[in-house]
Amino acid sequence: MLTGRKLMSKDTPSELANRSSNAALLRYVDSVRQHGHRAAKIDPLDLLERDPVHALDPRRYGLEDMEKEYSVHGILWNQQMPEGPEGGERPESESWKLKDIVEFLRAVYVGRIAYEFMHSPSKSERIWFTHLLESRGPPIGDAMERETKRRMWELLARSETFDHFLQAKFPNLKRYGLEGAESMLPALDTLFQTSAHAGISSILLCMPHRGRLSLLTDLLQFSPTALFHKIKGGSEVPEGIGATGDVISHLASSPNLKYGDKQVQVSLLQNPSHLEAINPVALGKARAKQYSMIRDSSPDCALGDKVMCVQLHGDAAFAGQGVVMETLGLSNLPHYTTGGSIHIVVNIGYTTPATGARSSFYCSDIGKMINAPVLHVNGDYPEDVARAVNIAFAYRNFFRKDIIIDLMCYRQWGHNELDEPSYTSPKMYKLIRSRPSVPKMYEEKLISEGTLSTEDAKSQRGAYKSHLESCLQAVESYSPPPVQHTKQWKNVVWPASTQANGNPETGVESMTLTKVGKSSVEVPEKFSMHPRLQRHVKHRLTSLEKGTGLDWGTAEALAFGSLLLDGYDVRISGQDVGRGTFSQRHAMLVDQETERVAVPLNSLSDSRKLELANSSLSEMAVLGFEYGVSWERPDILPIWEAQFGDFFNGSQVIIDTFISSSETKWMKQSGLVMLLPHGLDGAGPEHSSSRIERMLQGDAAQARNVNMHVTYPTTPAQYFHLLRRQMMRNYRKPLIVAAPKGLLRLPAASSSLDDMKPGTRFQPVLSTFGEGQVERVILLSGKLYYDLAKEVTTRGLADRVAVIRLEELCPFPFFELADALRPFVATATDFIWIQEEPRNQGAWGHVSERLRAVFASLKLGGKVKQVQYRGRSESAVPATGVAKWHAAEHAGLLRGAFEGL
């Protein structure tokens, strides 16, 4: 074929030579675009160990003659020759000398901003970058306005003055200063201004501790007096509301920033010390804010038009923390995207050298899993940093996708100001301590070009220091202001207040429930439903008609639908939540021929929706995302369902640092629901337990204002009331549900419409049997009840045994349990607690001491009844993986419950 092509060609030898040389030139140009970043001047300390980049040598492509002219039409986007040696413009031409092409490409791609975009599989994105960069040509220093430069210098100088002030006044403070990375402030200021002028009205910002105090007190209008008050041992929250506060590096602020005639609200979120855990929370909050804005005021607004998520990272954490990868994985998924985030990695270096801290060359390489472009920029040059930020925003705003800025800088001190970094990095810190600071270098640049005077610089630094001094003096008369609620939370009361309605009525008219139930299985016209779902539809309709036999999935659908009618949205997220892990839900129907998706309950309301978010195989990021949704909107029921209960251990960081503690640390309420399928049924150690003991260990009972509610409901009606209670209460509290597996379709565990009628509510304690002279009271929680109930009936012990179920374990139902026990304490001789979990797991460790308190309150003539434990012995695992052993253990449990009767 090649020979035939050569023979048939009518090209002259000269034309063939030109075509060959232009092909070589194209390869060279693409190589510079792809590999230029490897030789760029992006490391302020010039310590990057990089091999020679032979791909940038034109001779590698057979391009030898630097004076030879080449046609650049269709190769370079810039059709204007760069300035000549004398400074005059050259006429437009499609022919450039090779030396000019090389110079131009190196100026664009091998400067102080390095670009990684050629890895993108999107041709349109690659073309967008080349057009943007090559049309602009190399950056020209004088192109930036004088006032913009002065603004950047002011931010740098104030940051340095602030850090020096803290060091002088509080020399033993771990402040995680910004010295060496001060360009972060001009970067963010540029981003906020650019966003405001582009129509962004809200930015959700999350960041670790490095430079947080400078950002708070400068750009984000946090009172220096409030900060100094906190540093000197004061509280950031008013006394008497039950909050403990947090360390200074976790403080937050949410000001409205004005840039000319434009305004943008920037909300810096509270974060835990597990720094990157805040990322999915910020993403979820941004998504929820976008949907509220679209629904309430801007129906024509698209995702990302008005709300943007900005995530700051440390270089070591960005490369090393798995939640970063999980969160990036959500960025383009339909139920999780926010229209693109901007990531700024404040690359200051880590105590462990890069060779030991990551397996990739750049800390940002993890972003390539979603083909995110990366802009590496030298933090010593604030103007280049600002240009990188503007390019990043332009990309995000055009493509609505994530982009990463790798802000290459350093830290003047170690991990904190009390650390000695030269123990492990002597060469680096010898270099750092011998160089002027970034603010000083930029100041000298502006003075040399006449933008700033020495007197002006000294005066402004002195004025800011005097301002900080006055703020420090004001600490003596400072007290924290009252808590301010945002508009959407204005009708939500503080959980510990006297106005809080802990367990309101949550019943609904039977007619409404029947309507909702029928709608939940209403199949659209011309919809091909899976034949096995016909039985599901028939059973639901039959049970609704009878008013009895309602299973778990039906009760859930009734709760969801009735909440939609009451004016609330519902969002359930997790793996396979549309159908449910155990095929119990089927809230989402899929056409078997076209794969069209229908959510029948969404026919109930035009304004409120049930969103079924089948998630990626992530626990930590997805749970964090849903928690972020709950931070933003009290009018949505956000649910995260674990595929199996014990899978939540992949998201334990979110539970520990947010769900169980945010109200106490940061006065942040959340109505999040966690559904954790639980129960020992022979499935082995990893698919049995929701580790309910861990949730109970996190219980912080302050009277009845616990930090979260932990429940183990045993009837569909109880579950129905729990879900509705989340929204009917006038406050918000996380709800943990040890959800069933074996009870989902168990006839004995069904409910009736009467169990959900007006006047009904969730019952923390349920009592059954005990019809005669009771000898034994069995206390328990969960699905084991049904096996015990069957044994009671089979053994004919209904008059001698009472069985009491604790449906809610936290807050512990002291009064309700005392009322349930009171009829039996005079005659019963045995009180036992039985559970299917091992003794060191399950609820026993939580309830044992509380049961003693309940019995003590009953005042039994000075004699306190003792509660015996009956159940499995202690174990390192939740359950055996051997079916025969499981069956034998379960049989032993039942024998132990009735032994001696």
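List every residue pair whose Cβ atoms sit under 8 Å apart, with the two residues 6 or more apart in sequence or on different chains, where the first one lies in region 35-51 and is not assigned by TED's automatic domain parsing to the domain that holds Cys363 and the second, anywhere, is assigned to a loop (DSSP other than H, G, I, E, B) and among the basic types (Lys, Arg).
Sorted first by the residue in region 35-51, then by its partner, the pairs are Arg38/Arg50; Ala39/Arg50; Ala40/Arg112; Lys41/Arg112; Ile42/Arg112.
Could you list all residues from region 317-359 that are modelled with pLDDT under 90 and small (Gly, Ala, Ser)?
Pass one, region 317-359, residues modelled with pLDDT under 90: 348-359.
Result: Gly349, Ala354, Gly356, Ala357, Ser359.
This table checks each residue for (1) within 21 Å of Trp844 (Cβ to Cβ); (2) assigned to a loop (DSSP other than H, G, I, E, B).
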| site | (1), (2) |
| --- | --- |
| Thr664 | no, no |
| Gln669 | no, yes |
| Pro685 | yes, yes |
| Leu696 | yes, no |
| Asn705 | no, yes |
| Thr714 | yes, yes |
| Tyr719 | no, no |
| Leu723 | no, no |
| Arg732 | no, yes |
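Going by the conditions given, is Arg850 among the basic types (Lys, Arg), out of contact with any helix residue (DSSP H, G or I) (no Cβ under 6 Å at 6 or more places or on another chain) and either part of a strand (DSSP E or B) or farther than 20 Å from Leu784 by Cα (or both)?
Working: among the basic types (Lys, Arg): yes; out of contact with any helix residue (DSSP H, G or I) (no Cβ under 6 Å at 6 or more places or on another chain): yes; either part of a strand (DSSP E or B) or farther than 20 Å from Leu784 by Cα (or both): yes.
Yes; evaluated as a whole, the condition is true for this residue.
Condition check: at pLDDT 95 or above and outside the structural domain of Pro208 (by TED's automatic domain parsing). Does Met152 satisfy that? Show your work before the answer.
Numbers: at pLDDT 95 or above: yes; outside the structural domain of Pro208 (by TED's automatic domain parsing): no.
So Met152 fails the test.
For region 334-378, which positions are of a type in the set (Lys, Arg) and either under 20 Å from His209 (Cβ atoms) or surrounded by 18 or more Cβ atoms within 10 Å (Cβ to Cβ) (or both)?
Residue satisfying the conditions is Arg358 alone.
Being under 41 Å from the mean Cα position of the chain (by Cα), under 22 Å from Tyr786 (Cβ atoms) and assigned by TED's automatic domain parsing to the domain that holds Glu791 is true for just one of Leu817, Leu821. Which residue is that?
Numbers: Leu821 fails: under 41 Å from the mean Cα position of the chain (by Cα).
Answer to the selection: Leu817.
When both residues are 6+ apart or on different chains and their Cβ atoms are under 9 Å apart, which pairs have a first residue that lies in region 590-601 and is in contact (Cβ under 8 Å) with a residue 24 or more places away in the chain and farther than 12 Å from Val523 by Cβ, and a second that is among the small types (Gly, Ala, Ser) and in a helix (DSSP H, G or I)?
Listed pairs, sorted by first residue: Leu601/Ser519; Leu601/Ala557; Leu601/Gly561.
Any residue at all in region 512-535 that's within 30 Å of Phe644 (Cβ to Cβ), among the charged types (D, E, K, R) and touching a strand residue (DSSP E or B) at 6+ places or on another chain (Cβ under 6 Å)?
Within region 512-535, not a single residue is within 30 Å of Phe644 (Cβ to Cβ), among the charged types (D, E, K, R) and touching a strand residue (DSSP E or B) at 6+ places or on another chain (Cβ under 6 Å).
Look through region 740-751, keep the residues that are outside any loop (DSSP other than H, G, I, E, B) and in contact with a Ser or Thr (Cβ under 8 Å, 6 or more places away or on another chain), and return whichever of them is farthest from Gly842 (Cα to Cα).
Restricting to residues being outside any loop (DSSP other than H, G, I, E, B) and in contact with a Ser or Thr (Cβ under 8 Å, 6 or more places away or on another chain), the top hit is Ser751.
In contact (Cβ under 8 Å) with a residue 40 or more places away in the chain, in a loop (DSSP other than H, G, I, E, B) and either surrounded by fewer than 17 Cβ atoms within 10 Å (Cβ to Cβ) or not polar (S, T, N, Q) (or both), is that true of Tyr442? Reasoning before the result, please.
Values: in contact (Cβ under 8 Å) with a residue 40 or more places away in the chain: yes; in a loop (DSSP other than H, G, I, E, B): no; either surrounded by fewer than 17 Cβ atoms within 10 Å (Cβ to Cβ) or not polar (S, T, N, Q) (or both): yes.
The answer is no for Tyr442.
Report the residue count in region 239-273 for those that are assigned to a strand (DSSP E or B) and within 15 Å of Leu204 (Cα to Cα).
The first filter runs over region 239-273 and keeps only residues assigned to a strand (DSSP E or B), leaving 253, 256-259, 262-268.
With the extra rule that they be within 15 Å of Leu204 (Cα to Cα), the set shrinks to 253, 256-257, 263-268.
Counting residues in region 239-273 that are assigned to a strand (DSSP E or B) and within 15 Å of Leu204 (Cα to Cα) gives 9.
Looking at (1) in contact with a strand residue (DSSP E or B) (Cβ under 7 Å, 6 or more places away or on another chain); (2) part of a helix (DSSP H, G or I); (3) among the aliphatic types (A, V, I, L, M), which is the one condition that is false for Leu680?
Going through (1) in contact with a strand residue (DSSP E or B) (Cβ under 7 Å, 6 or more places away or on another chain); (2) part of a helix (DSSP H, G or I); (3) among the aliphatic types (A, V, I, L, M) one by one, Leu680 breaks only (2).
What helices (runs of 4 or more DSSP H), lying completely within region 502-620, carry at least 3 residues that are modelled with pLDDT of 95 or more and either closer than 22 Å to Phe762 by Cα or of a type in the set (Gly, Ala, Ser) (or both)? I'd like the intermediate steps shown before the answer.
Working: elements: 510-519, 533-546, 552-565.
Output list reads 510-519, 552-565.
Tell me which residues, restricted to region 177-207, are closer than 22 Å to Asp43 by Cα and within 21 Å of the chain's Cα centre (by Cα).
Listed by number, the list holds a single entry, Leu188.
When you go through Val493, Val483, Val508, Val516 one by one, which is the residue that is touching a Leu at 6+ places or on another chain (Cβ under 6 Å), touching a residue at least 60 places away in the same chain (Cβ under 8 Å) and within 30 Å of Glu808 (Cβ to Cβ)? If you could, list the steps in order and put the result at the bottom.
Values: Val493 fails: touching a Leu at 6+ places or on another chain (Cβ under 6 Å); Val483 fails: touching a Leu at 6+ places or on another chain (Cβ under 6 Å); Val508 fails: touching a Leu at 6+ places or on another chain (Cβ under 6 Å).
One residue alone meets the criteria, Val516.
Just checking, does region 709-723 include any residue being in contact (Cβ under 8 Å) with a residue 60 or more places away in the chain, crowded, with 19+ Cβ neighbours inside 10 Å, more than 23 Å from Leu564 (Cβ to Cβ) and touching a Ser or Thr at 6+ places or on another chain (Cβ under 9 Å)?
Yes, that holds for at least one residue.
How many residues are more than 12 Å from Ser573 (Cβ to Cβ) and either outside the structural domain of Ser583 (by TED's automatic domain parsing) or under 12 Å from the mean Cα position of the chain (by Cα) (or both) if we restrict to region 601-643?
2
Assess whether Ala826 counts as being among the small types (Gly, Ala, Ser), crowded, with 16+ Cβ neighbours inside 10 Å and either out of contact with any strand residue (DSSP E or B) (no Cβ under 6 Å at 6 or more places or on another chain) or at pLDDT below 95 (or both). Please lay out each step first, then the result.
Numbers: among the small types (Gly, Ala, Ser): yes; crowded, with 16+ Cβ neighbours inside 10 Å: no; either out of contact with any strand residue (DSSP E or B) (no Cβ under 6 Å at 6 or more places or on another chain) or at pLDDT below 95 (or both): yes.
So Ala826 fails the test.
Report whether or not Tyr785 is closer than 29 Å to Ser662 by Cα and hydroxyl-bearing (Ser, Thr, Tyr).
Numbers: closer than 29 Å to Ser662 by Cα: no; hydroxyl-bearing (Ser, Thr, Tyr): yes.
No: the conditions fail for Tyr785.
If only one of Gly782, Gly742, Gly698 is more than 27 Å from Gly580 (Cα to Cα) and either in the same structural domain as Pro823 (by TED's automatic domain parsing) or of a type in the set (Gly, Ala, Ser) (or both), which one is it? Give the derivation first.
Values: Gly782 fails: more than 27 Å from Gly580 (Cα to Cα); Gly742 fails: more than 27 Å from Gly580 (Cα to Cα).
When all the criteria are applied, what remains is Gly698.
Looking only at region 213-233, which residues are in contact with a strand residue (DSSP E or B) (Cβ under 8 Å, 6 or more places away or on another chain) and either surrounded by 22 or more Cβ atoms within 10 Å (Cβ to Cβ) or closer than 17 Å to Leu312 by Cα (or both)?
Leu215, Leu216, Leu219, Leu220
Residue-wise test of (1) within 39 Å of the chain's Cα centre (by Cα); (2) of a type in the set (Gly, Ala, Ser); (3) in the same structural domain as Tyr719 (by TED's automatic domain parsing).
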site	(1), (2), (3)
Arg461	yes, no, no
Tyr464	yes, no, no
Leu468	yes, no, no
Asn501	yes, no, no
Val516	yes, no, yes
Thr548	no, no, yes
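Of all helices (runs of 4 or more DSSP H) completely enclosed by region 123-237, which ones contain at least 3 residues that are under 21 Å from Pro439 (Cβ atoms)? Steps first, answer last, please.
Details: elements: 123-136, 146-169, 184-197, 212-217, 224-231.
Here the list reads 146-169, 184-197, 212-217.
Identify, please: which residue in region 451-490 is part of a loop (DSSP other than H, G, I, E, B) and in contact with a helix residue (DSSP H, G or I) (Cβ under 7 Å, 6 or more places away or on another chain) and is, among those, modelled with the lowest pLDDT?
Taking region 451-490 first, the residues part of a loop (DSSP other than H, G, I, E, B) are 451-453, 478-486, 490.
Checking the rest, the ones that are also in contact with a helix residue (DSSP H, G or I) (Cβ under 7 Å, 6 or more places away or on another chain) come to 451-453, 478.
On the way: Thr451: 95, Leu452: 95, Ser453: 95, Tyr478: 92.
Among residues in region 451-490 that are part of a loop (DSSP other than H, G, I, E, B) and in contact with a helix residue (DSSP H, G or I) (Cβ under 7 Å, 6 or more places away or on another chain), the one modelled with the lowest pLDDT is Tyr478.
Tell me, please, whether a residue that is closer than 24 Å to Val110 by Cβ, among the basic types (Lys, Arg) and touching a residue at least 12 places away in the same chain (Cβ under 8 Å) can be found in region 394-406. It would help to see each step written out before you state the result.
Kept after step one, since they are closer than 24 Å to Val110 by Cβ, are these residues of region 394-406: 394-395, 403-406.
If we keep only those that are among the basic types (Lys, Arg) too, we end up with none.
Looking through region 394-406, none of the residues is closer than 24 Å to Val110 by Cβ, among the basic types (Lys, Arg) and touching a residue at least 12 places away in the same chain (Cβ under 8 Å).
The values are calculated or read from the model by the stated rules, or taken from the named source; none is laboratory data. Keep in mind it's a predicted model, so treat the numbers as computed, not measured. Reconstructed Cβ throughout: ideal geometry from the backbone, glycine too, with neighbour counts over all protein chains shown.
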